[in-house]
Amino acid sequence: MILELKDICKSYGSDDMKVPVLKNVSLSVEKGDYIAIMGPSGSGKSTTMNIIGCLDRFDSGTYLLDGEDVSKMNDDALSDVRLNKIGFVFQTFNLLPGETALENVALPLIYAGVPKAEREERARQGLEAVGLADRTSFRPSQLSGGQKQRVAIARAMINHPRILLADEPTGALDQASGKQVMKLFRQLNKEQGVTIVMITHDASVAANADQTLHIIDGEIIENRKGGAQ
């Protein structure tokens, strides 16, 4: 088991005005799984993603990542997990506007202490893997939405993470670009064995995954097999 949530609860607000967001959420992910988490706005899916990504702490329950109890990790350990074990893909790309595609992809390697020549070579290989070998010197403003997301995917994969987390990865893309990104996710999952957990409100996007979880009002209410084969 690569990831396991057990009875995770999370609330926001002060003690006398706490609003529960997650209610005893449990989730198990095996290596090589491709899972979509669906839910309407305010359902708790993004909070679930933030907890899985070690971006937010939970109130109670257990989160095991590679067999380690995340709740017992300090901030430095959590930063190390985010750098080396989890790759992030966001709806808004989160690229640095003043940096080239190559520099954006190489950024995590700077924090990992990789020498410049090696990180540039690995970044070039990463861009080649997502079909952007000819865009290394382009800045985000010179790229289409689909190209920006592919740069973001290359950056997310640069440290060979255990899990790729994607939060509405097609939300800012047109239909054709969205299909390209979903095709890339499928290749990463099937050809490289990348474990993917994807948040989406779009059933057609969720259908690309092998398993779909539905979260409503902070509770997982359905566990349905399906998606692309």
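The values are calculated or read from the model by the stated rules, or taken from the named source; none is laboratory data. Values in this document were obtained by computation on a predicted structure and should not be read as measured data. So basically every Cβ, Gly included, is an ideal-geometry build from the backbone, and we count neighbours across all protein chains shown. Remember, those area values only see protein heavy atoms, side chains included, never the ligands or the DNA or RNA. Shrake-Rupley method; radii C 1.70, N 1.55, O 1.52, S 1.80 Å.
Values computed for the structure shown
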read-out	value
Which listed residue is in contact with a Gly (Cβ under 7 Å, 6 or more places away or on another chain) and basic (Lys, Arg), from Arg150, Arg119, Arg124, Arg135	Arg150
From the options Leu64, Leu95, Leu22, Leu55, residue that is in a strand (DSSP E or B) and either open to solvent by 20 Å² or more (accessible area, probe 1.4 Å) or under 30 Å from Lys183 (Cα atoms) (or both)	Leu64
Subset of segment 25-52 [among the small types (Gly, Ala, Ser), farther than 17 Å from Gln91 by Cα and not in a strand (DSSP E or B)]	Gly32, Ser43
Residues being closer than 11 Å to Ala101 by Cα and touching a residue at least 24 places away in the same chain (Cβ under 8 Å) - total across segment 115-146	12
Hits in segment 67-92 (condition: without any contact (Cβ under 8 Å) to a residue 24 or more places away in the chain and either loosely packed, with under 15 Cβ neighbours inside 10 Å or within 19 Å of the chain's Cα centre (by Cα) (or both))	Glu68, Asp69, Val70, Ser71, Lys72, Asn74, Asp75, Asp76, Ala77, Ser79, Asp80
Cross-chain or 6+ apart pairs with Cβ under 8 Å, segment 44-61 first and under 12 Å from Tyr12 (Cβ atoms), then in a loop (DSSP other than H, G, I, E, B) and acidic (Asp, Glu)	Gly44/Asp217; Thr47/Asp56; Asn50/Asp56
Residues satisfying the stated conditions in segment 99-115, i.e. open to solvent by 40 Å² or more (accessible area, probe 1.4 Å) and within 18 Å of Arg82 (Cα to Cα)	Leu107, Ile110, Tyr111, Ala112, Gly113
Matching entry among Leu127, Leu165 (being at pLDDT 95 or above and in contact with a Leu (Cβ under 9 Å, 6 or more places away or on another chain))	Leu127
Filtered residues of segment 27-40 (kept if open to solvent by 30 Å² or more (accessible area, probe 1.4 Å) and under 11 Å from Gly218 (Cα atoms))	Pro40
Flag for Ala156 being touching a residue at least 60 places away in the same chain (Cβ under 8 Å), surrounded by 18 or more Cβ atoms within 10 Å (Cβ to Cβ) and under 17 Å from Ala207 (Cα atoms)	no
Any hit, segment 188-200, residues being at pLDDT below 95, in contact with a His (Cβ under 8 Å, 6 or more places away or on another chain) and buried (at least 18 other Cβ atoms within 10 Å of the Cβ)	no
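Yes/no per residue for (1) open to solvent by 20 Å² or more (accessible area, probe 1.4 Å); (2) aliphatic (A, V, I, L, M); (3) touching a Cys at 6+ places or on another chain (Cβ under 8 Å); (4) more than 24 Å from Gly32 (Cβ to Cβ):
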| position | (1), (2), (3), (4) |
| --- | --- |
| Ala117 | yes, yes, no, yes |
| Ala123 | no, yes, no, yes |
| Ala133 | yes, yes, no, yes |
| Ile163 | no, yes, no, no |
| Lys183 | yes, no, no, no |
| Ala206 | no, yes, no, no |
